[in-house]
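One structure is given below, encoded as structure tokens.
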Amino acid sequence: MTPNDPNQYSMPLVEHLRELRDRMLRSIVVVLVIFIGLYFFSGEMYLILVKPLNALLPDAENGALIATGVASPFLVPLKLAFVMSVLVAMPYILHQVWGFIAPALYKHERRLAIPLFISSVFLFYAGVAFVYFVVLPLVFGFFTGSGPEGVNIMPDITNVLDFCLKMFFSFGLAFEIPIATFLLVRAGMVSAKSLGEKRPYIFISCFVLGMLLTPPDVISQSILAVPMYALFEVGLLMSRFLPSVTPDATSEE
């Protein structure tokens, strides 16, 4: 048995479950601590979230957003604070996931997994930032400017939050395409050459996914589909030109 052999870390199933429980509890505690801190600023966070929409509403200073539910003024900031606490704690949560699975990996697998974990977190946050600074102003501008004459636009705060969160997670997951493409090629499930030959189908698939994950307008679909295809090309480039990570001869004996 070599120092790089995952079998040296073998333990009974009960021990694995206990370690998994401990790591899950630590993650939950961190999320709750962050949630408690963010809840006191949940109202301000919501105003920041809807700032791209408020900038387009004619009567934003007097409160153009409305709450149709009795409990919405309380539940909407609560939901936003919880989602933000999960997003903020995501690096720690992924660190706990990494700590649980790392002992079962060989040395060459760990060398590959660490940068992939870091890249996945960065890309997810990049997708969220892209939505807030680019997508939401364009989409809200399209919606508020396409209504009939004489119609007062007064969005409900719950609908606005749900719409924004859907866009955040849709783009955050879409920005993981380079990692997914790289892993598929490195795992041998598909070759970079075959993916390159299927570019027309992948291009169409990106627009289909954009249609399913975004509101039913061409602008939103295109804003998601074009970056998805560009990120696919980035992942394909990574899988072609990055050196492959081969196992050490002594690590798998």
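The values are calculated or read from the model by the stated rules, or taken from the named source; none is laboratory data. All values derive from a computational prediction rather than experimental measurement. All Cβ positions, even for glycine, are placed from backbone atoms using ideal geometry, and neighbour counts span all protein chains on display. These area figures cover heavy atoms from the full protein model, side chains too; ligands, DNA and RNA do not enter into them. Shrake-Rupley method; radii C 1.70, N 1.55, O 1.52, S 1.80 Å.
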- Quick one: residue 54 ticks every box in (1) modelled with pLDDT of 85 or more; (2) open to solvent by less than 50 Å² (accessible area, probe 1.4 Å) bar one, so which box is it? (1)
- Condition test on residue 131, is it crowded, with 17+ Cβ neighbours inside 10 Å, within 26 Å of residue 90 (Cβ to Cβ) and not charged (D, E, K, R)? yes
- Message: Would you confirm whether or not region 30-41 contains a residue that is in a helix (DSSP H, G or I) and under 21 Å from residue 133 (Cα atoms)?
- Response: no
- Task: Search region 98-108 for residues being in contact (Cβ under 8 Å) with a residue 60 or more places away in the chain and assigned to a helix (DSSP H, G or I), and hand back the single one that is most open to solvent (accessible area, probe 1.4 Å).
- Result: 107
- Are there any pairs, at least 6 apart or on different chains, whose C-beta atoms fall under 6 Å, with the first in region 65-93 and over 24 Å from residue 153 (Cα atoms) and the second among the aromatic types (Phe, Trp, Tyr), and if so, which? 81/35; 81/39; 82/35; 85/35
- Task: Read through the list (1) of a type outside the set (A, V, I, L, M); (2) under 22 Å from residue 30 (Cβ atoms); (3) at pLDDT 85 or above; (4) open to solvent by 40 Å² or more (accessible area, probe 1.4 Å), then give the number of the only condition that residue 168 fails.
- Result: (4)
- Okay, helices (runs of 4 or more DSSP H) sitting entirely in region 120-238 with 3 or more residues that are of a type in the set (S, T, N, Q) and either without any contact (Cβ under 8 Å) to a residue 24 or more places away in the chain or closer than 24 Å to residue 77 by Cα (or both), I get 157-174
- residue 64, sole failed condition from (1) open to solvent by less than 50 Å² (accessible area, probe 1.4 Å); (2) part of a helix (DSSP H, G or I); (3) farther than 22 Å from residue 171 by Cβ; (4) at pLDDT below 85: (2)
- Would you check if there is a residue in region 92-104 being modelled with pLDDT of 80 or more and in contact with an Asp or Glu (Cβ under 6 Å, 6 or more places away or on another chain)? no
